[in-house]
Structures are given as C-alpha cells and as structure tokens.
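Asker: One structure coming up, written as structure tokens, with questions to follow.
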Amino acid sequence: MRRCIYCGIAEDLSDSDIIPDALTASRIINKCVCHVEHNSGMTEKFESEVVEKLAFLLNHLDIKSKKSNHYPTYEADYDIEGIRYHDKKVFKDYDFINKKILRSKDKAFVFGPYEKIEQIAKSKGMSKADIEQIDMNSQMIKSYIPLNYDVFFSEAMHRQVAKIAYEWYCLKNKVEDKYDDFSEIIEYILEGNNNQVVKMVTDKLLLDKFKKFCYDGSHMMFAYIDKQGGISVLVDIFGVAIYDIKVCRHIPKFCENNYILQKINLDGSGNREHECLCVHDYNDVVQDMLKEMDENAKFPVPPIGNLQCYIMSPKSKYINYNLFVLEIFNILDKGVEGIHGGNQDVVEFVIEQLQDLLSTDVIHKRGLKRFVEDNIENAEIRINKENIDESSIFYYYILYKLGQSDIQNLNDEVVKQFIIALFNTRNIDSRKVNLREKLEEMLDEEDYSKLIKLGADKIRKW
C-alpha cells in the first residue's frame, strides 16, 4: 500500500509535481504525497513565493502552470518622451500600447488610447488642449524590468529544491512510505530553519561543468554518494543556480539507485525513463555506458601486435549522461564546496547565467505558437523599427522566412533543421547575431507582412 512520504498516511494521496508545473514545461510526478497538507500545502509554504518572484523569467521562457490559461505577469516601467510610467500587470513587453491606461510614477501624467484619455480629461474638467497626441511609430520607448535574482538565495528556494531532491530520489527508488532515514530533510521541507540540509554550490570548477551541460533554461537533478557516505542531490534550476541537498546521512538499504541523473529541457523533453541514468554506484556508471556501445563495423581497426582493437560507437544519444558523471566524479570525491545563502562569486555566477538566458532564444513549438497568437492578427503587420525588441525581430524573421519557403508540413525536426539552416545554431544569442540586419532585410521586402502571415499560418497548422 502506498503511503505519503512525508507523514505516512495512506488516505487521499495525490499526484505531486516534483518540479512545480509553473516552473517547467514537463511534468515529473510522485504519487505518494497526501493531497491537502503535503501537496497543496507546499504552495502556501514556499512554492508560490518562488513562482511569483520568477514571473518575468517564466514569461520569457514561455512557461505557465497547467492550471492557468495565461502566462505569468510581471511589473515594468516605461520611459516615453522622458516621462516614466508604471505597468503593474505585463503579459509581454509593450503590450500596453493602444490597450491600457498607464500612470506616471509621480502621478502627474496619464498615458493611453486617445479616446480613454479624453474621457479622463473630461472627468477632471480639462480640455482637449491639455492632451498631447503621440505618434507611437516614431517613438523610442525604454523599458525597465526588475529581475528578482535574490529569490535564488532565499529560504523559499532552498526549501523548494529540497522538495525536488527528496521527492525525485524517492520516485527513482520506488520509495512509497515515510522512513526515519529521511527525517532531517522532511523536517526542513516542512518547517525550514536548518542550514545543514541545502547549500549553494560555490565550487567554480563544478559550476563551469554544469554550465556546459545544463543550459537554455533546463533543470537537472543528480543524485550521488557524497564524501561523508550519505546521499546528496545536486539540483540545477534553469541552468542559473546549483544547490547541493543532503537527502540522507547514510545510504538507505531499501534504495537501489544512488547515482541518478536526469535533465528536463526547456522544450519539455527529458522526463522519459530512457532519458534518465539510474545505477547503484559509481562503478555501474561505466558498465551502463559499455552496455550502450556497439562495435562499429564501418571503421575496422587492424591488429596492433597481438591485440585486436575495436572502435565502439554509442547506441543511445543519452550516453552523454554517463560521460558527464565520469567527468565530475573527481570533483565530487573531494567534496562539494558550498554555503547556505550566497557569496559574491555565487551572486556574480547567478547574474551572469541569467543574462545569458535572457539574451538567448531557444526555438520550440510552444514559443512559436505563443508568438503567433499574441502578435499576428488579420490586420496588416506594421513593424515599428524604433520599439521592436531583439526577441520579436527573431520570431518575425523566422515567420518571414517560413512564408518564403516551400515547407508546408511542420514537425519538431523540420523546424529544428530550418532554424539551424538560418542561423547555424538553434539557440540564438542576440548579443552575437546582428538581428537589426535581419530586420532591414524584412522591411526591404515590399510584401513582408504577407510573408509573415503565411509563415504564421504554417505555425498554426503545426
């Protein structure tokens, strides 16, 4: 009989999203969590705080909760003709134009559609002469969006990653009841106030290895036997911050898998069993890799002396999981450096990773469909060179080139190869690609609006 891994009761169990569904496009479920206190209850304790403070990042990455019809909203300021206006509820940058009423920070000015401003002026006894009409097609608007990077150092995030580590390790070991072996991490998740359970990784070498392996907004969990002979789990959130969580101070006798690696990608892939490395100990990592190797008959190797040599090639594309574990083993064997909270080096790492993530567009079906839904209507498309952001140029250009192409039926692989052919990469860093040049290419085409709409129609049918 399954029981709650937090309290041991067997009644009213529910599906717990190990990573909150508001933080990922892919679901990993632990079915051994009671519904009210230890599933829904986590939202009130810390999950809602983490999600709220990451609203802008989640919106940027096209991630929303399955329970919501809308992407997360965030706050932003806009500078229009030298006046600073505030928007409390932003769905996407510049979505206030022709839609909303904005008030200046000092409450002295109001900005919005002329008809609405006229009504406000009339209600205050003002005349039309007090209203200034602005041509938005000629305006340069500056946007200011506060990014709450401090959430990565908060206790709410520390408890969140502890929950992820514990529920995930239990899932991968078929733990279906509460055990005293996990009492310390359970208490921390439920109550907090223990700086011995979670620490932020400060080891620069390990941070660099993770940076190369976990990128583009992906999450990763890696369980291992730590230097003290217990079980620890490294959790990488969005490729931005890495945490080392002590799940158990010894190796639980009832757990078979102690070296486990799984990466959840931004496009939603990564939650299938064959995309997860699960072995008992470090020696099995090598054996698992060898099982996934075949002799490559295309490249015969002549004997060297009395030795017959073979070239082996991997059967599985996920063999890089094994290679990653082998690569970082020596670092882990010395002990993972970390602190509860953060120091200057970690703060700089988090900010750098956030900047990289926000400057990079990763093309996937969800993001393309959202852009089409939000931006492509029946009316003629008129792109304002002054106010368009780099990300929008990128998406418009893809639709424009799709409209030019003979491609009719889209699928993940077709779109992936199409993007690579356009940019020589699938992940576009706006700091390295001259997107303004792409914009001029589009605008030089007399029928660019028609071509963008043709591309949008292809995305809608995908």
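The values are calculated or read from the model by the stated rules, or taken from the named source; none is laboratory data. Small disclaimer: the values here were computed from a predicted structure and weren't measured. Cβ atoms come from the backbone with ideal geometry, glycine included; neighbour counts cover every protein chain shown. Areas reflect the complete protein model, heavy atoms only, side chains present, ligands, DNA and RNA absent. Shrake-Rupley method; radii C 1.70, N 1.55, O 1.52, S 1.80 Å.
Asker: Considering every residue within the stretch 157-171, establish whether at least one is touching a residue at least 60 places away in the same chain (Cβ under 8 Å) and not in a helix (DSSP H, G or I).
Answerer: Scanning the stretch 157-171 turns up no residue that is touching a residue at least 60 places away in the same chain (Cβ under 8 Å) and not in a helix (DSSP H, G or I).
Asker: Taking only pairs six or more apart or across chains, which ones have beta-carbon atoms under 8 Å, a first residue in the stretch 355-381 that is more than 13 Å from residue 452 (Cα to Cα), and a second residue that is of a type outside the set (A, V, I, L, M) and part of a strand (DSSP E or B)?
Answerer: Here the result reads 356/429; 359/429; 360/427; 360/429; 361/427; 362/427; 367/361, each pair linking the stretch 355-381 to a residue that is of a type outside the set (A, V, I, L, M) and part of a strand (DSSP E or B).
Asker: A further question follows. Being touching a Leu at 6+ places or on another chain (Cβ under 8 Å) and in a loop (DSSP other than H, G, I, E, B) is the filter; apply it to the stretch 87-120 and report the residue that is most open to solvent (accessible area, probe 1.4 Å).
Answerer: Step by step, filter the stretch 87-120, then rank; the result is 112.
Asker: Restricting the search to the stretch 62-86, which residues are open to solvent by less than 10 Å² (accessible area, probe 1.4 Å) and of a type outside the set (Ser, Thr, Tyr)?
Answerer: Answer for the stretch 62-86, where residues must be open to solvent by less than 10 Å² (accessible area, probe 1.4 Å) and of a type outside the set (Ser, Thr, Tyr): 63, 76, 80.
Asker: Restricting to the stretch 123-156, give me the number of residues that are over 30 Å from residue 195 (Cα atoms), touching a residue at least 24 places away in the same chain (Cβ under 8 Å) and surrounded by fewer than 13 Cβ atoms within 10 Å (Cβ to Cβ).
Answerer: 6
Asker: Check every one of the helices (runs of 4 or more DSSP H) wholly within the stretch 377-448 and list those with 2 or more residues that are basic (Lys, Arg). Outline the logic, then answer.
Answerer: Working: elements: 390-404, 412-423, 435-443.
Of the helices (runs of 4 or more DSSP H) lying wholly inside the stretch 377-448, those with at least 2 residues that are basic (Lys, Arg) span 435-443.
Asker: Confirm whether residue 409 is in contact with an Asp or Glu (Cβ under 7 Å, 6 or more places away or on another chain) and open to solvent by 30 Å² or more (accessible area, probe 1.4 Å).
Answerer: no
Asker: Looking at (1) under 28 Å from residue 393 (Cα atoms); (2) in contact with a Lys or Arg (Cβ under 8 Å, 6 or more places away or on another chain), find the lone condition where residue 68 falls short.
Answerer: Against the list (1) under 28 Å from residue 393 (Cα atoms); (2) in contact with a Lys or Arg (Cβ under 8 Å, 6 or more places away or on another chain), residue 68 comes up short only on (2).
Asker: Restricting the stretch 38-61 to residues that are touching a helix residue (DSSP H, G or I) at 6+ places or on another chain (Cβ under 9 Å) and over 26 Å from residue 240 (Cβ atoms), which is surrounded by the fewest Cβ atoms within 10 Å (Cβ to Cβ)?
Answerer: Looking at the filtered set, the residue picked out is 41.
Asker: Sticking with this one: Since residue 79 meets every condition but one in (1) touching a Phe, Trp or Tyr at 6+ places or on another chain (Cβ under 7 Å); (2) at pLDDT 90 or above, which condition does it not meet?
Answerer: (1)
Asker: Looking at (1) within 18 Å of the chain's Cα centre (by Cα); (2) farther than 23 Å from residue 58 by Cα, which one does residue 147 not meet, given that it meets all the others?
Answerer: (2)
Asker: Does the stretch 422-431 contain any residue that is without any contact (Cβ under 8 Å) to a residue 24 or more places away in the chain, within 30 Å of residue 141 (Cβ to Cβ), open to solvent by less than 30 Å² (accessible area, probe 1.4 Å) and not aliphatic (A, V, I, L, M)?
Answerer: Among the residues of the stretch 422-431, at least one is without any contact (Cβ under 8 Å) to a residue 24 or more places away in the chain, within 30 Å of residue 141 (Cβ to Cβ), open to solvent by less than 30 Å² (accessible area, probe 1.4 Å) and not aliphatic (A, V, I, L, M), which makes the answer yes.
Asker: Considering only the stretch 342-362, state which residues are surrounded by 15 or more Cβ atoms within 10 Å (Cβ to Cβ) and either among the hydroxyl-bearing types (Ser, Thr, Tyr) or outside any helix (DSSP H, G or I) (or both).
Answerer: Result: 342, 360, 361, 362.
Asker: Also, I was wondering about something else. Looking only at the stretch 376-400, which residues are at pLDDT below 85 and of a type in the set (Lys, Arg)?
Answerer: Once the filter is applied, which keeps residues that are at pLDDT below 85 and of a type in the set (Lys, Arg), the stretch 376-400 yields only 385.
Asker: Further, regarding this structure: Could you grab the pairs with beta carbons closer than 6 Å, sequence gap of 6+ or different chains, first residue in the stretch 90-112 and aliphatic (A, V, I, L, M), second one open to solvent by 70 Å² or more (accessible area, probe 1.4 Å)?
Answerer: 101/116; 110/103
Asker: Could you say which residue among 27, 84 is modelled with pLDDT of 90 or more and either out of contact with any His (no Cβ under 9 Å at 6 or more places or on another chain) or assigned to a loop (DSSP other than H, G, I, E, B) (or both)? Don't jump to the end; show me each part of the working.
Answerer: Working: 27 fails: modelled with pLDDT of 90 or more.
One residue alone meets the criteria, 84.
Asker: Name the residues in the stretch 220-238 that are in a loop (DSSP other than H, G, I, E, B) and surrounded by fewer than 23 Cβ atoms within 10 Å (Cβ to Cβ), would you?
Answerer: Those that are in a loop (DSSP other than H, G, I, E, B) and surrounded by fewer than 23 Cβ atoms within 10 Å (Cβ to Cβ): 226, 227, 228, 229, 230.
Asker: Next question, about the same structure. Would you check if there is a residue in the stretch 55-68 being over 16 Å from the mean Cα position of the chain (by Cα) and either more than 24 Å from residue 180 (Cα to Cα) or at pLDDT 95 or above (or both)? Lay out the reasoning, then the answer.
Answerer: Filtering the stretch 55-68 for residues over 16 Å from the mean Cα position of the chain (by Cα) gives 67-68.
Imposing the further condition that a residue be either more than 24 Å from residue 180 (Cα to Cα) or at pLDDT 95 or above (or both) reduces the set to 67-68.
Taking every residue of the stretch 55-68 in turn, at least one turns out to be over 16 Å from the mean Cα position of the chain (by Cα) and either more than 24 Å from residue 180 (Cα to Cα) or at pLDDT 95 or above (or both).
Asker: Given (1) over 23 Å from the mean Cα position of the chain (by Cα); (2) open to solvent by less than 20 Å² (accessible area, probe 1.4 Å); (3) within 22 Å of residue 152 (Cα to Cα), identify the lone condition not met by residue 255.
Answerer: (3)
Asker: Next up: Is it fair to say residue 458 is in contact with a helix residue (DSSP H, G or I) (Cβ under 7 Å, 6 or more places away or on another chain), touching a residue at least 40 places away in the same chain (Cβ under 8 Å), open to solvent by 30 Å² or more (accessible area, probe 1.4 Å) and basic (Lys, Arg)? Break it down stepwise before answering.
Answerer: Working: in contact with a helix residue (DSSP H, G or I) (Cβ under 7 Å, 6 or more places away or on another chain): yes; touching a residue at least 40 places away in the same chain (Cβ under 8 Å): yes; open to solvent by 30 Å² or more (accessible area, probe 1.4 Å): no; basic (Lys, Arg): yes.
Taking the combined requirement at face value, the residue does not satisfy it.
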